[in-house]
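The structure appears right after this line, and notes come after that.
What follows draws every value from the coordinates through simple rules; no lab data is involved. Note that the coordinates shown come from a computational prediction; the quantities given were computed from them, not determined experimentally. Neighbour counts are summed over all protein chains in view; Cβ atoms, including those assigned to glycine, are modelled from backbone coordinates with ideal geometry.
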Amino acid sequence: MATREITLAHADERDLTKLAEYEAIGGYKALQKARKLKPEKIVEELLASNLRGRGGAGFPMGRKASFLAKGTGKPTYLCVNADESEPGTFKDREIMLRNPHRLIEGCLITAHGIESQHVFVYLRGEYHDAFDVMRAALEDARKANLLDDVTVVLHRGAGAYICGEESALLESLEGRRGQPRPRPPFPAVSGLYGSPTLINNVQTVATVPTIIEKGGEWYAKLGPEQSPGTVVFSLSGNVVRPGNYELELGTPLRELVFDIGGGIPDGRELKAIIPGGSSTTVMTPDQLDTHLDFNSVAEAGSQLGAAAVIVIDERACMVQLALRSSQFYMHESCGKCTPCREGTRWMVQLLSKLEKGRAEQHELDLLLSVCDRMLGKCLCALGDFAAGQVVEYATRFREEFQRHIDEGGCPFAGESSLEGIFAPVDQHAHAAGAEVRA
Amino acid sequence: MTQPAGELAGEIRKAAAQYPDSRSAVLPALRLAQERHGGWLPPEALREVGDALGLTPAYCQAVASFYDMFHLQPVGRHLVEVCTNLSCALVGAQQVLEAFERELGIEPGETTDDGGFTLRAIECAGGCGKAVVVSVDERYREPVRPEDVPAIVEELRGGD
């Protein structure tokens, strides 16, 4: 089993929230080493490591850092994206709760590498527990003079999925509604307050100390060549042992779900797997031999995303699943781009009709047409996520979608594991006095 | 309980000092104001935030209305929020939500007549490994089963 812990190393044996414990396992040694190196050398090591962003997009961190505009006369900012809210993802919370100093050390090394004195950690508003731990750890690091001339601000969000999108995060951090910005310019040129800004996910930044300690080349040799290193897989849904597992990239899906996760409870059959959070497209049991790394999952027609593997057993109606997931995107659409704002609403209406058995044949085609009119037509990826997942549910489970039309109702006849699931968008409709339940 | 506006303004200015531009403090300021106004943002709270940061109340309301954690209507003394996104939904979130509905006698989005509880469904809370996640007064309980619900409600009623 390709278990190798980096961001959660020793977190099972020790209370790494305590500075002394973190230092006892060699913590902050990489920072000392980094500060003796020239900043360019840090970026060189990141480039050599081929560390790809763990927030979902998989863009190499070293390349992003090398794009930062130089000589602008403006400060350079580091923003850590800790606004983890992709459905199915809970890895960054665990890293912050159990190994906060590693994230802080990663911030300080990265700040040195990009010659920044200002770090903002945009922390998901609902994560009170992670905020408490991070605040205490930061205070301890400050008292131990580890911060040097760098300020680290924990900035708490207030409940908006879209703020995990990097340009919406910047808008929110500047005190506005979290609506994405057109690009270019990219944040590396004009980000926070119009200054060059590097934005990376918690796990990405928490990996940096190891790259400095052991070298970029060492890291590049872990796992597959195109997607080296480890990732914390968040395993959830209908699986015996859900939880976070830090494994080398390239671990086969079957090994994660069955050997590590213990398989499907109560002897039920596996029906589907979402490999990287609800924004990634659904996979089927015949794809269990897919290796979980960026390129292999892409070759299998899906995306590794945030490595949040959601396991779905045979009891789930896939129309209900697509509907519930689409309600999420409708709720979280920021409203800026018409295709996403209107399209997500339209998708929900059509899927609702389909689930109730009231849709006509042409409305299934219409659903796919709506998705087609969203894909690639919005400022940020939310519209693509919303449409892309529905296209795959409706394509891979076409027969089940068709049965809703042919049989004039849900073929699960009230026995689906998702029967009647209530969404926050229903709540808003309810508050407005509309009928919410069939 | 509402505290003197001057005290809140002081805390907001302290938060604002962390940023190159004080407008960046609007989220922390709204959070502070909401805590001091019984869990929601009445018009005077938006005015206080605006005054402290040099923003209009309308601007503060526009920002607040974008974010799910800010409440522009009164909420109960206890805020109970059940995650019903996919990972929780697959393992029984609906049954947990319905258990709260039965125990509290309200539907999601409603507040009990005595002002004790507001019940809401929420999107993925980031606790999928210990589903079903329920956030009680913004602190997670995980995992929660339908049979745990009466004791949670009793505990909260007892603390009042």
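Centre-to-centre separation between the Cα atoms of the stretch A:193-244 and those of the stretch B:67-92: 30 Å. Residues whose amide H lies under 5 Å from that of A:Tyr77, counting only those 5 or more places away or on a different chain, are A:Thr197, A:Leu198; hydrogens are built 1.01 Å from N in the peptide plane. In order along the stretch B:103-108, phi translates into HN-Hα couplings of 5, 9, x, 9, 9, x Hz, rounded to whole numbers, per the Karplus curve 6.51 cos²θ - 1.76 cosθ + 1.60 with θ = phi - 60° and x for Gly and Pro.
Footprinting exposure proxy ranking of A:Glu355, B:Glu35, fewest other C-beta atoms within 10 angstrom first, gives B:Glu35, A:Glu355. Dipole size of chain A about its Cα centre, with +1 on Lys/Arg Cβ and -1 on Asp/Glu Cβ: approximately 1460 debye, rounded to the nearest 20.
In the structure shown, do any of A:Lys41/A:Lys70; A:Lys29/A:Lys143; A:Lys18/B:Lys130; A:Lys336/A:Lys377; A:Lys91/B:Lys130; A:Lys64/A:Lys91 have a Cα-Cα gap over 20 Å, and if so which?
In this structure, A:Lys18/B:Lys130; A:Lys64/A:Lys91 exceed 20 Å between Cα atoms.
Does the stretch B:78-159 classify as rounded, prolate or oblate by the C-alpha gyration tensor (a ≥ b ≥ c root eigenvalues; a/c under 1.5 gives rounded; else a/b over b/c gives prolate, otherwise oblate)? It comes out prolate by the Cα gyration axes.
Taken about its Cα centre, the stretch B:50-149 carries a charge dipole of about 280 debye when Lys and Arg each add +1 at the Cβ and Asp and Glu each add -1 at the Cβ. For the stretch A:89-114, there are no residues whose amide N sits under 12 Å from a probe point set 7 Å from the Cα of A:Asn145 along the beta carbon direction.
Volume per residue, Å³, of the convex hull around the alpha-carbon atoms of chain B?
Measuring per residue, one finds 120 Å³ for the Cα hull of chain B.
Put in line by how crowded their Cβ is, counting other Cβ atoms within 10 Å and starting with the fewest, A:Cys410, A:Cys371 read A:Cys410, A:Cys371.
Remark: mean inter-chain Cβ contacts per residue of A:86-95 equal 5, using a 10 Å Cβ-Cβ cutoff to other protein chain atoms. Note on A:Ala57 and A:Asp365: their simple-model spin labels are 3.7 nm apart, each label 7 Å out from Cα toward Cβ.
When its C-alpha radius of gyration is set against 2.2 N^0.38 Å (N residues), chain A gives a value of 1.00. Restricting the stretch A:240-306 to GluC sites (Glu not before Pro) that sit in a DSSP loop and have at most 12 other Cβ atoms within 10 Å of their own Cβ leaves A:Glu269. Think of it as helices only: each DSSP H run of n ≥ 4 in chain A is worth -39500 (n - 2.57), and spread over all residues that comes to -12000 deg cm²/dmol at 222 nm. The distance between label points at A:Gln349 and A:Lys221 comes to 6.0 nm (points 7 Å beyond Cα on the Cα→Cβ vector).
Loop-resident GluC sites (Glu not before Pro) (DSSP state other than H, G, I, E or B) in the stretch A:138-245 with no more than 12 further Cβ atoms inside 10 Å of their Cβ: A:Glu225. Phi-derived couplings, Karplus 6.51 cos²θ - 1.76 cosθ + 1.60 at θ = phi - 60°, listed residue by residue for the stretch A:198-203: 9, 10, 9, 6, 3, 5 Hz, with x used for Gly and Pro. Close amide H pairs (under 5 Å, H built 1.01 Å from N) link B:Arg141 with B:Val134, B:Ser135, B:Val136, residues at least 5 positions away or on another chain.
Could you point to the residue in A:Asn145, A:Gly261, A:Ala82 farthest towards the positive end of chain A's charge dipole, with +1 and -1 charges on the Cβ of Lys/Arg and Asp/Glu respectively? Projecting each Cα onto the dipole axis, the largest value belongs to A:Asn145.
When chain A is treated as a GNM with alpha-carbon contacts under 10 Å, the residue of A:Phe67, A:Phe131, A:Phe385 showing the greatest mean-square fluctuation is A:Phe67. Taking a point 7 angstrom from the Cα of A:Lys74 along the C-beta vector, which residues in the stretch A:160-174 have backbone N less than 17 Å away? Residues A:166-174 qualify, since their backbone N sits under 17 Å from the label point. Using every pair of distinct Cα positions in the stretch A:230-313, the Kirkwood expression returns a hydrodynamic radius of 12.1 angstrom. Along the Cα-to-Cβ line of B:Asp51, 7 Å from the Cα, sits a label point; which residues in the stretch B:8-22 have backbone N less than 20 Å from it? It comes to B:8-17, B:22, nothing else.
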